[in-house]
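Please read the structure below before turning to the comments.
Read the figures in this text as sums done on the coordinates, not as results from a lab. Computed from a predicted model, the values in this text were never measured in an experiment. In this analysis, Cβ positions are derived from the backbone assuming ideal geometry, glycine residues included, and neighbour counts consider all displayed protein chains.
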Amino acid sequence: MAETTRVVPELFKGIALFTPGGDLVYCVDNNKQVHWHSQLCLVLQELLKLPEPPHFLVPGYTATIDRWFCTREKRVKTVAEVYPAVRRYEPLLNVLFNVKDVVWTTANWQEEVCDPVVIETYRSQFPQLWENHDLLVRLDERWEQELKTQFNPVETQKKDEFETNQGYILRLFVSGHHPSTKQTLKKIHHLLETQLSHPYTLKVIDIAKHPEMAETHHVSATPTLVRVWPKPTRRIVGELTDLSRVLQLITTN
């Protein structure tokens, strides 16, 4: 794998998406709000000529890193998270994101959100994902413009804005690893897989480990489900047993 070296800013959000065969697309976002997993799926679709974006690889074949300045501690802090299926790529991730001595924590709930048995069922439809093409691609301005042109030719329409981001961006805030938490996640994941007509990205955040994320998103109680995209932001706080209400929150404009 080879690519042109680019500078990685000191403060940034980084996302990496791997394929089962070992190809990789990633992004470095110094604005910390522009790039999402769905865009990386679109890049894979274009590069490998897939019939549709491989959203089923998210989050089980991803790694994320976030570097920010903590005003309370007056220092730069780093949180890095990798899923078990791609943990062997940690040395490569350190090089791509220009970080040293970073502890990559293993993401939880991988069985519920990305069951290897379920992923395997996509092999016949997406055989390219199980082949290695020596791809190492960074999402840059060229790719952004190409995706923008291909998937969103009319920028002023709300429908096109939605399609540019290729679906829903959701965050579930929890606290600790309790059986009830895993059961809630399992139900929500099933709801999203069976009821949504658009792809989605669901990020589970443990506020005990990432209190800065709770502060950023104004989360004071758990569980809290936040719809980040499409705008406006919507949220449900408390028990998420009423799945029809959850679905309404996600899909209502």
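Listed values for segment 73-90 are Karplus-derived 3J(HN,Hα) couplings in whole Hz (6.51 cos²θ - 1.76 cosθ + 1.60, θ = phi - 60°), namely 9, 6, 7, 7, 10, 10, 10, 10, 9, 9, 8, x, 5, 10, 4, 5, 8, 3, and x replaces Gly and Pro. Label His178 and His198 with points 7 Å out from Cα along Cα→Cβ: what is the distance between them in nm? For the pair His178/His198, the computed spacing is 3.2 nm. 3J(HN,Hα) along segment 61-71: 10, 10, 9, 9, 9, 9, 10, 9, 9, 7, 5 Hz, from the Karplus curve 6.51 cos²θ - 1.76 cosθ + 1.60 with θ = phi - 60°, whole Hz, x for Gly and Pro. Cys70 sits among other residues whose Cβ lies under 13 Å from its own Cβ, and their net charge, with Lys and Arg +1 and Asp and Glu -1, is +1. Full extension of the chain between Thr251 and Val95 yields a length gain of 52.3 nm, computed as 0.36 nm times the residue separation minus the alpha carbon distance. In a fully extended conformation the segment linking Glu212 and Glu131 would gain 25.3 nm over its present Cα-Cα distance, using 0.36 nm per residue. Amide H to amide H, with H built 1.01 Å from N, Val228 comes under 5 Å of Ile169, Leu170, Arg171, counting only residues 5 or more places away or on other chains.
Can you give the extra length, in nm with one decimal, that the chain gains between Thr105 and Arg88 once fully stretched, where that is 0.36 nm per residue apart less the Cα-Cα distance?
Once the chain is fully extended between Thr105 and Arg88, it gains 4.9 nm.
The H on the amide N of Ala107, modeled in the peptide plane, is under 5 Å from the matching H of Val82, Tyr83, each at least 5 residues off or on a different chain.
What order, most packed first, do the peptides 220-228, 70-78 have when packing is the mean number of other Cβ atoms within 10 Å of each residue?
Ranking, from highest mean packing down: 220-228, 70-78.
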